[in-house]
Amino acid sequence: MSSSTPAAAGDHAFSTRAIHAGQEFDPTTGAVVPPIYMTSTFVQDGIGNFRGGYEYARGGNPTRDSLQTLLASLEGGSHAFSFASGLAAEDTLLRAIVKPGDSIIMGNDVYGGTHRLVNRVFVPWGIGLSTVDMSDLDAVRAAVASAPPRVLWIETPSNPLMKISDIAALAEIGHAVGALVVVDNTFASPYLQQPISLGADVVVHSTTKYLGGHSDVLGGAVIVNSEELAASVGFLQFGVGAVSSPFDAWLTVRGIKTLAVRVERHSSNALAIAEALSGHPALDAVYYPGLESHPGYELAGRQMRAFGGMLSVALTGGPAAARTFAETTTLFQLAESLGGVESLIGYPSEMTHASVKGTELEVPENLIRLSVGIEDVDDLISDLTGALDAL
Ligand SMILES: *Cc1c(COP(=O)(O)O)cnc(C)c1O
């Protein structure tokens, strides 16, 4: 099983840990980059006498361990577990913490796939689900008081309206009724905010996004800060087996080494774009927490190191204009997903959020979501304004 404490990284600052935690050079050859252990099994020196504790790769693999140690260090948790996808991570976590009769309260704007997983897989097995606006603390207090949940599931910034929820306040509200407080930290990444330090119990990630950072690998992670939770999630990682492959774990580690510099640039590019697009006649609204006009501006300023690389815009011309805009930009490529070095544009209502159509998570049909990459910001702005001007 799983991850050790960050050794070489110790008390160093984030950017240093992002490069060194769990990444000690190979003791046999001196290779600076730890090798990819592309093996499913490990020779035993005698029955049950394992070298380095490794037996079979579903239970443990050194490359996966190096990623897990790195993730635990960056999120300030005691243990991290890596999975084949973000949803595999969420599924394993939920199996570890809920049983029939328990209920989950989640934000009414969480990732559509998270809602689908709970609504279509867990609810039929006897788990309760309700949603609430997590940015409205009174609404959350009322929801947890009327039916205390086992899990309070938070996502901030949220998708696609970039709502900001107060992790520290929500952790208190959740803990007061004995709930486990889970934060999906995919949009912010640990560079921008560390939920465990704000009181959350568990962090989940789609490492497919900013952590991997290059749109070339799928993965997910669960980070906890308790031995008890670590034991149950660790058992299910092994017992269910939705683990990341050694190669995927290695690619994710490679991405994480540049997380700090990438997210700085994603954030500064997104802020410049949000400012440049504000007031454009083809747009009704620009949703970016780094704009003073955004309702989450102040909270985001306190809770996050910068405002991130994601923003959305609402088109004055309605759904038709939104579709044309998404199909006209050239640097911003029309695709699902986010968090890679290349800019992407999406039409949530029929792409990322198609699975929540007709539910309380439905999104406006004139909305376009941008995942701002790290290209030259002037090129990105001309791509967007060119397409908007042509509408
Ligand atoms: C993409 C995403 C997920 C799901 O992750 P996969 O790696 O696609 O399984 C979960 N939460 C958020 C916020 C995401 O953006």
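Consider D248 against the criteria (1) of a type in the set (D, E); (2) within 14 Å of the ligand (Cβ to nearest atom); (3) surrounded by fewer than 24 Cβ atoms within 10 Å (Cβ to Cβ): it satisfies all of them except one. Which criterion is unmet?
Among (1) of a type in the set (D, E); (2) within 14 Å of the ligand (Cβ to nearest atom); (3) surrounded by fewer than 24 Cβ atoms within 10 Å (Cβ to Cβ), D248 violates only (3).
Inside the stretch 350-366, can you point out the residues that are away from the ligand (no atom under 16 Å from the Cβ) and touching a strand residue (DSSP E or B) at 6+ places or on another chain (Cβ under 8 Å)?
If the condition is that a residue be away from the ligand (no atom under 16 Å from the Cβ) and touching a strand residue (DSSP E or B) at 6+ places or on another chain (Cβ under 8 Å), then E360, P364, N366 are the ones that fit.
Please find, among E327, E298, the residue that is of a type in the set (D, E) and closer than 20 Å to L367 by Cα. Before you say what the answer is, go through the steps one by one.
Working: E298 fails: closer than 20 Å to L367 by Cα.
None of the others qualify; the one that does is E327.
Here's the yes/no breakdown for (1) at pLDDT 95 or above; (2) in contact with a Leu (Cβ under 7 Å, 6 or more places away or on another chain); (3) not in a loop (DSSP other than H, G, I, E, B):
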site: V313; (1), (2), (3): yes, yes, yes
site: A321; (1), (2), (3): yes, yes, yes
site: I345; (1), (2), (3): yes, yes, yes
site: M351; (1), (2), (3): no, no, no
site: G358; (1), (2), (3): no, no, no
site: R369; (1), (2), (3): yes, no, yes
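Looking only at the stretch 105-123, decide whether some residue is among the β-branched types (V, I, T) and without any contact (Cβ under 8 Å) to a residue 24 or more places away in the chain.
Here is the first cut: in the stretch 105-123, the ones among the β-branched types (V, I, T) are 105, 110, 114, 118, 121, 123.
Going one step further and asking which of them are without any contact (Cβ under 8 Å) to a residue 24 or more places away in the chain, we end up with 123.
Yes - at least one qualifying residue is present in the stretch 105-123.
Conditions first: (1) over 24 Å from E350 (Cβ atoms); (2) of a type in the set (G, A, S); (3) within 16 Å of the ligand (Cβ to nearest atom). G126 passes all but one, so which condition is the exception?
With (1) over 24 Å from E350 (Cβ atoms); (2) of a type in the set (G, A, S); (3) within 16 Å of the ligand (Cβ to nearest atom) applied to G126, the lone miss is (3).
Yes or no: the stretch 136-149 includes at least one residue that is touching a residue at least 60 places away in the same chain (Cβ under 8 Å) and within 23 Å of V222 (Cα to Cα). Before the answer, list the steps.
First pass over the stretch 136-149, keeping only residues touching a residue at least 60 places away in the same chain (Cβ under 8 Å): none.
Looking through the stretch 136-149, none of the residues is touching a residue at least 60 places away in the same chain (Cβ under 8 Å) and within 23 Å of V222 (Cα to Cα).
From the list A57, A72, which residue is hydrophobic (A, V, I, L, M, F, W, C), under 23 Å from the mean Cα position of the chain (by Cα) and at pLDDT 95 or above?
It is A72.
If I go through the stretch 102-114 residue by residue, how many of them are within 16 Å of the ligand (Cβ to nearest atom) and at pLDDT 95 or above?
Number of matching residues: 4.
Report whether or not S78 is in contact with an Asp or Glu (Cβ under 8 Å, 6 or more places away or on another chain), assigned by TED's automatic domain parsing to the domain that holds H20 and hydroxyl-bearing (S, T, Y).
Values: in contact with an Asp or Glu (Cβ under 8 Å, 6 or more places away or on another chain): yes; assigned by TED's automatic domain parsing to the domain that holds H20: yes; hydroxyl-bearing (S, T, Y): yes.
Yes.
Tally up the residues in the stretch 22-69 that are over 25 Å from V222 (Cβ atoms) and charged (D, E, K, R), please.
Residues that pass the stated criteria total 3.
Let's see how each residue does on (1) on the phi > 0 side of the Ramachandran plot; (2) within 16 Å of the ligand (Cβ to nearest atom); (3) at pLDDT 95 or above:
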residue	(1), (2), (3)
N159	no, yes, no
V182	no, yes, yes
S189	yes, yes, yes
Q194	no, no, yes
I223	no, yes, yes
E227	no, no, yes
Q237	no, yes, yes
I256	no, yes, yes
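Going by the conditions given, is S206 in contact (Cβ under 8 Å) with a residue 60 or more places away in the chain, within 18 Å of L87 (Cβ to Cβ) and within 10 Å of the ligand (Cβ to nearest atom)? Quick ask: steps written out before the conclusion?
Values: in contact (Cβ under 8 Å) with a residue 60 or more places away in the chain: yes; within 18 Å of L87 (Cβ to Cβ): yes; within 10 Å of the ligand (Cβ to nearest atom): yes.
Judged against the criteria, S206 is a match.
Sort out which residues of the stretch 73-84 are within 13 Å of the ligand (Cβ to nearest atom) and under 10 Å from A221 (Cβ atoms), and write them in order of number. Before the answer, list the steps.
Step one: of the stretch 73-84, the residues within 13 Å of the ligand (Cβ to nearest atom) are 82-84.
Listed by number, the residues that qualify are S82, F83.
Pick out the one residue from L344, L283 that is of a type in the set (A, V, I, L, M) and within 16 Å of the ligand (Cβ to nearest atom). Full working, then the answer.
On the way: L283 fails: within 16 Å of the ligand (Cβ to nearest atom).
Going through L344, L283 in turn, just one is of a type in the set (A, V, I, L, M) and within 16 Å of the ligand (Cβ to nearest atom): L344.
Here are A270, A306, A282: which of them is surrounded by 24 or more Cβ atoms within 10 Å (Cβ to Cβ) and either modelled with pLDDT of 95 or more or over 17 Å from the mean Cα position of the chain (by Cα) (or both)? Give the derivation first.
On the way: A306 fails: surrounded by 24 or more Cβ atoms within 10 Å (Cβ to Cβ); A282 fails: surrounded by 24 or more Cβ atoms within 10 Å (Cβ to Cβ).
One residue alone meets the criteria, A270.
Please verify whether I256 is more than 24 Å from A335 (Cβ to Cβ), β-branched (V, I, T) and either within 14 Å of the chain's Cα centre (by Cα) or in the same structural domain as A188 (by TED's automatic domain parsing) (or both), treating the condition exactly as stated.
No: the conditions fail for I256.
Could you list all residues from the stretch 58-91 that are surrounded by 20 or more Cβ atoms within 10 Å (Cβ to Cβ) and in a loop (DSSP other than H, G, I, E, B)?
Scanning the stretch 58-91 gives G60, N61, G77.
Quick check on the stretch 377-388. Is at least one of its residues in a loop (DSSP other than H, G, I, E, B) and touching a residue at least 24 places away in the same chain (Cβ under 8 Å)? Spell out the reasoning first.
First pass over the stretch 377-388, keeping only residues in a loop (DSSP other than H, G, I, E, B): none.
No, that holds for no residue.
Of all residues in the stretch 85-101, how many are more than 9 Å from the ligand (Cβ to nearest atom) and out of contact with any Leu (no Cβ under 8 Å at 6 or more places or on another chain)? Full working, then the answer.
Residues of the stretch 85-101 that are more than 9 Å from the ligand (Cβ to nearest atom), as a first pass: 91-101.
From what is left, the residues that are out of contact with any Leu (no Cβ under 8 Å at 6 or more places or on another chain) are 93, 98-101.
Adding up the residues that qualify gives 5.
What single numbered condition from (1) surrounded by fewer than 24 Cβ atoms within 10 Å (Cβ to Cβ); (2) among the small types (G, A, S); (3) farther than 18 Å from T92 by Cβ fails to hold for G212?
Condition (1) is where G212 drops out.
The values are calculated or read from the model by the stated rules, or taken from the named source; none is laboratory data. In this text, all values refer to a predicted model and were calculated from it rather than measured experimentally. Every residue, glycine among them, receives a Cβ derived from its backbone with ideal geometry; neighbour counts consider all protein chains shown.
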